[in-house]
Each structure stands twice: as structure tokens, then as C-alpha cells.
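Heads up, the thing below is written out as C-alpha cells.
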Amino acid sequence: MSYTLIFTDSYKKRAKRFARQHPELKEQYRKTLMLLSQNPHHPSLRLHPLKGKLAALHSVSINIGYRITLEMVITEKEIILINVDSHDEIYQT
């Protein structure tokens with residue numbers, strides 16, 4: 001089963017900035033999106049719900065320091081991407 005990744009306008013802006021700031025993560029980022037669309041529960045993504053003000057969202061890992069936050073609409077087989085940034089910056093948004 002594959003999922004449709006929905007790239008919101010605000011996510012596209014954040015992703016473009018993220019790519020400029022972290023060109024060394026291009027391949028890891030691409031692999032994360034590929035795995036996410038194929039199987040959001042793949043162990044290497046470390047999918048988990050967030051807490052506090054971000055409690056409606058989930059997070060997947062690009063690597064140890066960088067995350068993508070997302071809203072999962074499982075019933076529609078869609079995943080709405082919200083943000084991409086470092087672990088610490090995600091929680092300051």
C-alpha cells in the first residue's frame with residue numbers, strides 16, 4: 001500500500017530553505033520521503049506522535065538530528081507534510 005504525500009505551500013518553502021541550508025542531507029531526505037510514501041511505519045523512520053502544542057502531529061526522522069513533522073490522514077491514505085527542520089527547531093515553531 002502506498003500513501004500520497006501532500007506538500008503544502010508552507011512545507012514547500014520550508015523544504016526549499018532546508019535544502020539550501022543542508023545540501024549534505026539531500027539523499028537522506030529523498031530516502032525518507034520515499035520510505036514515508038511506501039510505508040510510514042518503516043522502523044528506520046521512527047514514526048511517533050508529538051506532544052504538547054504539536055500533539056496533533058507526528059514526526060519521522062531524516063537522521064538523528066533532523067525531522068519531518070506531518071499530519072497523517074490514514075483513512076484517506078494521505079500524509080500531509082507540515083515542516084522539516086532540526087529536532088530542536090521543530091519544537092520552537
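The values are calculated or read from the model by the stated rules, or taken from the named source; none is laboratory data. Everything quoted here is computed from the prediction, not taken from an experiment. Note that we place each Cβ from the backbone using ideal geometry, even for glycine, and neighbour counts take in every protein chain shown. Protein only, heavy atoms only, side chains kept; ligands, DNA and RNA dropped before computing areas. Shrake-Rupley method; radii C 1.70, N 1.55, O 1.52, S 1.80 Å.
Quick rundown of the values:
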{"read-out": "Considering residues of the range 20-53 that are closer than 12 Å to D85 by Cβ and in a helix (DSSP H, G or I) only, the residue most open to solvent (accessible area, probe 1.4 Å)", "value": "Q21"}
{"read-out": "Members of the range 1-18 found to be more than 13 Å from N83 (Cβ to Cβ) and in contact with a strand residue (DSSP E or B) (Cβ under 9 Å, 6 or more places away or on another chain), listed by number", "value": "Y3, T4, L5, I6"}
{"read-out": "Restricting the range 54-93 to residues that are of a type in the set (D, E), within 27 Å of M1 (Cα to Cα) and not in a helix (DSSP H, G or I), the residue that is modelled with the highest pLDDT", "value": "E78"}
{"read-out": "Among residues of the range 60-77, those that are open to solvent by less than 30 Å² (accessible area, probe 1.4 Å) and out of contact with any helix residue (DSSP H, G or I) (no Cβ under 7 Å at 6 or more places or on another chain), counted", "value": "1"}
{"read-out": "Any hit, the range 78-93, residues being without any contact (Cβ under 8 Å) to a residue 12 or more places away in the chain and of a type in the set (G, A, S)", "value": "no"}
